[in-house]
Amino acid sequence: MPTTEKHQKAEITLRQDHAPDLWSIRVRPEQSLAFKPGQYATLGVEDGTHMVERPYSIVSSPAEEEIEFFFELVPEGGLTPALHKLQVGDSLVMRRQAKGLFSLDEKSGRKRHFMVSTVTGVAPYVSIARTFARQAEAGQPVGHELVLLQAASRSWELAYREELEALAQRFGWLHYVPTVSRAWEDPAWNGEVGRAEDVLRKHFDAHGLVSADTTAYLCGHPEMISNAKAILRRCGFPKESIHEELYWVPKK
């Protein structure tokens, strides 16, 4: 397991399986990782004679001692099958520097933020929400409003739903909307139904959001991002007010 100028070892301290193909881990790196909520870290696992690396959005707040990640198993993927085998006490490799520009818009002056995700795309939003929650608990004003739409096929794929619902009940700056697209496979679900892009405009309007005072964020499945971006553009959003984070590039 290499420890170099660019890489460090990180030990898994906690693992939680949300569904057969969805799980999260917390890791303790050798040295602390500085990052902004919304950024990603690059993880790696040795594969014979070389190391396979991929970037993953960080779930945890920068104030937390350990770093949390949320994964979806891609059976033919380059790294997730190896990551899925790791358990508490195992180690992986993490780059020492976090990167990414998918962070909260603090330059435009807009204080309202419409955040749309599919499955693991909720990760950067959880990081932002946890950071604001810590601010609020410390008596510091948040000064922002978050409307978070999380979409999945079935309710058990809505990881972090209970945490986000609890935060939304405690703090008026967070509005949380979970939705499932395959309700016929989830008869116990009594919440919103539809893909993210199907219900996006409904909740955008319901919360009184307008393009003039809102920044939009799209994270997860590239098809959702493409469809949602087109809807937002029709709502009057300029390109610079729509931030996107594709988790993979679809094959042509």
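The values are calculated or read from the model by the stated rules, or taken from the named source; none is laboratory data. Values in this document were obtained by computation on a predicted structure and should not be read as measured data. Glycine gets a Cβ as well: all are built from the backbone with ideal geometry, and neighbour counts include every protein chain shown.
Remarks
- Near pairs, Cβ below 8 angstrom, 6+ apart or cross-chain, from segment 170-191 (surrounded by 19 or more Cβ atoms within 10 Å (Cβ to Cβ)) to any residue that is assigned to a loop (DSSP other than H, G, I, E, B) and among the acidic types (Asp, Glu): Val180/Asp186
- Restricting attention to segment 143-167, the residues being crowded, with 18+ Cβ neighbours inside 10 Å, within 27 Å of Arg15 (Cβ to Cβ) and out of contact with any Asp or Glu (no Cβ under 7 Å at 6 or more places or on another chain) number 11.
- Residue count for segment 182-222 under the criterion of being part of a loop (DSSP other than H, G, I, E, B), among the aliphatic types (A, V, I, L, M) and in contact with a strand residue (DSSP E or B) (Cβ under 7 Å, 6 or more places away or on another chain): the result is 1.
- When each of Gln135, Gln97, Gln140 is tested for being assigned to a helix (DSSP H, G or I), over 15 Å from the mean Cα position of the chain (by Cα) and either surrounded by fewer than 22 Cβ atoms within 10 Å (Cβ to Cβ) or without any contact (Cβ under 8 Å) to a residue 60 or more places away in the chain (or both), the lone residue that passes is Gln135.
- Against the conditions (1) free of Cβ contacts under 8 Å to residues at least 24 places away in the same chain; (2) more than 17 Å from His175 (Cβ to Cβ); (3) surrounded by fewer than 19 Cβ atoms within 10 Å (Cβ to Cβ), Lys202 satisfies every one except (2).
- Which listed residue, of Lys229, Lys202, Lys239, Lys252, is within 21 Å of Gly121 (Cα to Cα) and at pLDDT below 95: Lys239
- Test: Val74 is out of contact with any Gly (no Cβ under 6 Å at 6 or more places or on another chain), without any contact (Cβ under 8 Å) to a residue 12 or more places away in the chain and surrounded by fewer than 18 Cβ atoms within 10 Å (Cβ to Cβ): yes
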